[in-house]
1. Of all the stretches in chain A, which is the longest one without any exposed loop site, taking GluC sites (Glu not before Pro) in a DSSP loop (any state but H, G, I, E, B) with at most 14 other Cβ atoms within 10 Å?
2. Which number comes out as Rg/Rh for chain A once both Rg and the Kirkwood Rh are worked out on C-alpha atoms?
3. So who's got an amide H within less than 5 Å of the one on residue B:466, skipping anything under 5 residues away but keeping other chains? H placed 1.01 Å off N, in plane.
4. Taking neighbour Cβ counts within 10 Å as the exposure measure, how do A:127, B:313 sort from fewest upward?
5. Smallest Cβ-to-axis distance in chain B, for the rotation taking B to A: which residue, how many Å?
6. Taking a threshold of 24 Å on the Cα-Cα distance, which of the pairs A:458/B:376; A:279/B:207; A:207/B:207 fall above it?
7. Starting from the 7 Å offset along Cα-to-Cβ, what nm value, one decimal, do you get for the label separation of residue A:242 and residue B:387?
8. Normalised radius of gyration for the protein assembly as shown, please: alpha carbon Rg relative to 2.2 N^0.38 Å, two decimal places.
2 protein chains.
Amino acid sequence: MGSLDADVLKANAASSPANPLDPEEFRRQAHVTVDFLADYYRDVGSYPVRSQVEPGYLRELLPASAPDDPEPLDAILRDVRDLIVPGITHWQSPSFFAYFQCCGSTAGFLGEMLSTGFNVVGFNWVSSPAATELESIVMDWLGSTLALPKPFLFSGGGGGVLQGTTCEAILCTLAAARDRMLGRIGRDGIGKLVVYGSDQTHCGLQKAAQIAGIHPANFRAVKTYKEDHFGLSPEALRRAVDADEAAGLVPLFLCATVGTTPSAAVDPLPGLCAAAAEKGMWVHVDAAYAGSACICPEFRGFIDGVEGADSFSFNAHKWLFTTLDCCCLWVKSPDALVRALSTNPEYLRNRATETKSVVDYKDWQIALSRRFRALKLWMVLRSYGVANLRNFLRGHVRMAKDFEEMVAADGRFEVVVPRYFAMVCFRLLPPDGTGGGEETAANEINQRLLEAANASGKVYMTHAVVGGVYLIRFAIGTTLTEEWHVRAAWKVVVEHAEELLKEL
Amino acid sequence: MGSLDADVLKANAASSPANPLDPEEFRRQAHVTVDFLADYYRDVGSYPVRSQVEPGYLRELLPASAPDDPEPLDAILRDVRDLIVPGITHWQSPSFFAYFQCCGSTAGFLGEMLSTGFNVVGFNWVSSPAATELESIVMDWLGSTLALPKPFLFSGGGGGVLQGTTCEAILCTLAAARDRMLGRIGRDGIGKLVVYGSDQTHCGLQKAAQIAGIHPANFRAVKTYKEDHFGLSPEALRRAVDADEAAGLVPLFLCATVGTTPSAAVDPLPGLCAAAAEKGMWVHVDAAYAGSACICPEFRGFIDGVEGADSFSFNAHKWLFTTLDCCCLWVKSPDALVRALSTNPEYLRNRATETKSVVDYKDWQIALSRRFRALKLWMVLRSYGVANLRNFLRGHVRMAKDFEEMVAADGRFEVVVPRYFAMVCFRLLPPDGTGGGEETAANEINQRLLEAANASGKVYMTHAVVGGVYLIRFAIGTTLTEEWHVRAAWKVVVEHAEELLKEL
């Protein structure tokens, strides 16, 4: 094995096709693909937003095995258009209002293109110095733009790193917190560690706790209430923590959220950080969605109190025009991260690392390998400038405000929770006398309304259940969305609601 | 907070720039960037392979904060060329022979481009059916091409998933194995679980064990020996496992490697899987580097025995022309993965998931969000065809064989370990009478030789220390590398060696 018959080799060499990275062929094919995508953006508004295919649709359309022989680009792109695009739920559609958006931009795309093109693996400084240095610089830029307290910046002894997703950011900080605590109480204490969030916290926290080996019985989703606008009450946290301590457990980690997934609720950071500080807990602030808005002075107040946290993250790919994936994480104590995540194999030893004058980001994240993600964030910041980015966000907020007013003006509907950012949580009120438990009826009606609206292909929204109430989440923030898309979406909602009400 | 002064809004709206995803502006700028990258590939062979910058070089060249106002693309691309490119270690340079390569291709690039362009977040089936379905199909295609045993394929009850990196693949399978075992012995047994690799195993295993909460004292790097070509001996594994059991510990997980990072050594799978099976351990096979070669029948033998493993992974971004990141993982028991990694928040509930007729890949990985990575793998397989992919790989192996012959023909050098794939591990022999411990002298000379060659900018190679021997790793597999680059690299090595020998 491993040796090759010389004749076979020669024969193969003779019939070899062009180098798969031939610059001129690259140029030709990449231009064709650019046009394909530009046309996609031009047309995306006309596609059904949520894909209308049925499970298993693609297996019937594709061959059972990989082709032996090469196929030309135009045949492949034809299949992308005819077979793949119909199976895509169009996150870039201007009528996409589901989940939280994943807002793309030309600058983000170009940054990703360059990153893919250079295709460097920046695990440590020497493996591509610019990848590391640009990331540190851009994270300081962005941290300053967010007015993060200095201890989160490199200049203040902390530092920022790009992760793929918030799930990774939480797992890394949780591992750091866990090992710091186990250093104090001994490794055998792992079964006593408790992780806290609220019943509104993103499920990434539970997932991170599972992966990090936290005992499943020691995960607390503290209940929130309508009177707190579904923010986590510091008092409720204190009670949970006290009960755990009384039971011999060790409070470890709190994930506070600014802009929860179900309803964009905001946990009150100052009170929570104070409560956590009393117990020596690590506080992570997850502002995955709403963090972007905090570059606007009028929204910055939502993260007041972050100075009491240990780490802070938000997803630039959600609402800062940087394509998936790009989660920005800052920590006050990079040392804690590095102690939990570093390994130092001989084959990566190098002089720069030994001088301790460089950052080796492999020790700040789960994986060793890492893409040059800073490029896209840098290009977004430079191409649009902070002033325009703020205005783009304000435009989305304004549209959400308009939508909110349309809902509020129609007595058949209600806005369920206060709107802080660019997501409106609303529902259709059940007609009088639908009988049975009124909430149950309302929930069922709204579920049917949502399904009908989404099945039309004209909009895509998703739902949440908050305080027992099924609500429709209308999240604005897809880059191509304009005011008339929002008005058209409202019309779709109303039409389907009227049909439903007629049936009842 | 959250409400905006109407006048401010109107003023902002009036001065708003074009939509950041305007299709025609996207088209224009993306074409410009394609040409920038095509020129980069044309010229990359002339750049110093390892970046020659000093730590901190970039902070001096960039402003201290993000710009308020937008900057045009040509100014940004000029900075990429003048400030970023000099700080890049050129992984796509034809003279890059360091680490393991990260081999790009036009098809891989275009697939990534489409994925970035669609910018979907395929956490579950409904969020973009094509992203899930194409991934399942392509993983079956690739699994069949590798002749993986049927239990690893969807059709055989297993299945494949794309992870970012091998580190993630190992962490996910380790979490699955851990929770399966804790289900048997009780959650409090976490401190007793033991993870095994060899002293040649990639540090990603140790990192995964750290993150998953395995007690640091329970990580075993079993020693390997020259007479086994640095493969992990099943007997040595058995002894380690028996000792742990005798001490009351619980053997959990073995990571066996096909193509180790230090020297591309191969752990003997049949013996190791048999030893692990006796103890009910989970076996993961990490073929990050060498897995690609196994699509060639003449290399497939290296993974014989994989039928005894629980999971298998390799990095298509290393040597299968798919840009970073793209790690292919197959498991026999998706259920075990899903049990360890799933969460089911209300806001992601949907009909397709409830019918259980679809795969929701969020439960197969660390994060919830995921890019549409299958596109690039699909485009690589279709654009080149399996027959050509095999020939590309054989071309790299042939060049490595040539290099090996050049080393062997020069009495001043030696090939340190057998070459199986496309990496040659060699060293300069110390001249007679250098005095002192001969190995120490040899190691120091080779360290100096490597540093001198890399500092020339003409090649980039890295090192490992295997069995106490400092060796230079010459890894061939960068897409643009041709035979003359390999000959030129050998000339660089010889010239620097001669200079060194003269000095001694």
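Every number here is computed from the coordinates shown, using simple stated rules; none is lab data. Bear in mind that the values here come from a model prediction, so they are computed numbers and not experimental data. Quick reminder, even Gly has a Cβ in these numbers, built from the backbone with ideal geometry, and neighbours come from all protein chains shown.
1. Counting at most 14 other Cβ atoms within 10 Å as exposed, the longest clean stretch of chain A is A:61-481.
2. Using only Cα positions, Rg/Rh for chain A is 1.01.
3. Long-range HN contacts for residue B:466: B:471.
4. Arranged by neighbour count, lowest to highest, A:127, B:313 become B:313, A:127.
5. Residue and rounded Å distance to the axis: B:213, 1.
6. Over 24 Å apart, Cα to Cα: A:458/B:376; A:279/B:207.
7. Output for this residue pair reads 7.7 nm.
8. With N residues counted in the protein assembly as shown, Rg over 2.2 N^0.38 Å equals 0.92.
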